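Reviewing the structure listed below.
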Amino acid sequence: MVEKFSFEMHFDADMIAREVPSQRILELVVTPPAAAASKNRPPLNLALVIDRSGSMSGEKLGYVKQAAEHVLDLLQAIDRVTIVAYDTQVTLVSPSMLVTPAARTSLKAGIQSLTSGDMTNLSGGWLKGCQEVAAVAQEGGLNRVLLLTDGLANHGITDLEELGMHAGQLLVRGVGTSTFGVGQGFNEHLLEHMANQGGGRFYYIDKPQSIPQIFEKEFNELAAITARNVKILLEIAEGVSSQVLGSWRVDKDGDRMHIWLGDLAAGARREVYVKLLTPLAGDRQQLAFTAHAMGQGEKEEQFIEDCEAILVYAPQSQAEAAPVRMEVMQRYSMVEIADRATEALKLERAGEKEKASKLMERSVLMAAPYIPQDVASEYNKLSDHLRHGMDESTRKDSHQQQYLRKQGRDK
């Protein structure tokens, strides 16, 4: 087990052509420290933001209430929680409070009072939860908003990019977002984007009966976090174009790139892949890349690890014959094809079924030398489904599988 915060970087190969642009893959690997033997977890500062729009009536809302009460039973007196409910209107069911025995009783009463209402002001409910968490955030605590919905954002802010931008800004302030989509009516691309930008996790809950179990899974991951506010600062060599795979939140500033990984639980190794296109050599002999991974530990200690890697210019024939790190390409290809599958699913949802299928076919051909045969077969089947159109359940199942693969969570 890894005892300390660690950081590595690797290229798929170390040579690039002098005469023509070369594509290289950069792998960045962050591993959080193991939990202390006598681990006292940091206090949690949570907001439970619950969709109570009309579509949540009946058993859905019943299971949400059960799940919220279960989360309260898992929390201790060092933890804080606020409860926000929303339909067209946003209701502060309970302001943030420490979860003492008396408060737990009061909070559960508030949860049981919830009834279904009207439309889905997702942005209003979520931002209110973020506001409540931010107002009482303290050093050493973990701040997270848990947003649960079964529908589309159809009131207030509804644009995916705008909501993602707000999630990213809140992450910088130390407030993360995890999202929970229930059933078939929600926008999976919106909820994944908010979680990616907000440094949290996206969950697809196909059956309302699974809500309590999924909420407990999120709680257990929060309780195991040993590295917080983790990000990578990558300094790109001049003239190199770059693309980060995997839907991580990325901020670019000239040749410097911040990649935000959020909070990491013990054992949650994260691999980030950057596709690079290098310029002609000119009078250069090599390109240097420097990266720094940083975060905070359980006791507010600062982690920072530095790495440097070099690409060496060589004649084109020599660069193309250089050995490739097969294990890097295998890991990268699994993420790259999941990225392309997510893109194809968006096209299929927009009605561009043939375009989506062809994108998937090309992606399988490109990845075939590096992915297992069963994975290639899986994506060939997906290509066929995309061409003929998918029902909502199949679409969401496939999206969830791609999300987990991009995040390295399907291992």
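Every number here is computed from the coordinates shown, using simple stated rules; none is lab data. For clarity, every value in this text was computed on a predicted model and none was experimentally measured. Every residue, glycine as well, gets a Cβ built from its backbone with ideal geometry; the counts of neighbours run over all protein chains shown.
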With the charge dipole of the chain built from beta-carbon charges (+1 for Lys and Arg, -1 for Asp and Glu) about the Cα centre, the Cα from A36, V182, P323 projecting farthest to the positive end belongs to V182
With +1 on the Cβ of every Lys and Arg and -1 on the Cβ of every Asp and Glu, the dipole magnitude of the chain about its Cα centre, in debye rounded to the nearest 20, is 600 debye
The range 44-223, convex hull of Cα, quarter of hull surface, nm² -> 8.4 nm²
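About the Cα centre, and with charges only on the beta carbon of Lys, Arg (+1) and Asp, Glu (-1), how big is the dipole of the range 45-183? Nearest 20 debye, please. Present the calculation step by step, with values, prior to reporting the outcome.
Values: 9 positive and 13 negative charges, 76 e Å.
It comes to approximately 360 debye.
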For K217, the lysines lying under 25 Å Cα to Cα, once residues fewer than eight places off in the same chain are dropped, come out as K4, K39, K60, K65, K108, K128, K207, K231, K299, K396, K406, K411
Using alpha-carbon positions, the gyration tensor of the range 327-406 gives root eigenvalues a ≥ b ≥ c; with a/c under 1.5 called rounded, otherwise prolate if a/b exceeds b/c, else oblate, the class is prolate
The convex hull of the Cα atoms of the range 1-92, divided by residue count, gives a volume in Å³ per residue of 233 Å³
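Under unit Cβ charges (Lys, Arg +1; Asp, Glu -1), what dipole magnitude, rounded to 20 debye, does the range 327-406 have relative to its Cα centre?
Numbers: 14 positive and 14 negative charges, 37 e Å.
In debye, rounded to 20, the range 327-406 gives about 180.
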Given backbone amide H placed at 1.01 Å from N, residues whose amide H is under 5 Å from that of G262, ignoring those fewer than 5 places away on the same chain, are V230
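Kindly provide the Kirkwood hydrodynamic radius of the range 153-282 in Å, to one decimal, from all pairs of distinct alpha carbon atoms. Please list the in-between numbers first.
Details: mean 1/r = 0.0611 Å⁻¹.
Final number for the Kirkwood radius of the range 153-282 is 16.4 Å.
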Rounded to whole angstroms and listed largest first, the alpha-carbon spread of the range 208-352 along its three principal axes comes to 61, 49, 30
Taking every DSSP bridge whose two residues both lie in the chain, the antiparallel percent to the nearest 5 is 65 percent
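Please report the orientation-averaged projected area of the chain, defined via the convex hull of its C-alpha atoms, in nm². Mind dumping the intermediate values first?
Working: hull surface 81.7 nm².
Convex hull of Cα atoms, orientation-averaged projection: 20.4 nm².
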Within the range 44-223, the percent of DSSP beta bridges that are antiparallel, given to the nearest 5, stands at 20 percent
Between the alpha carbon centres of the range 59-84 and the range 285-321 the gap in Å comes to 43 Å
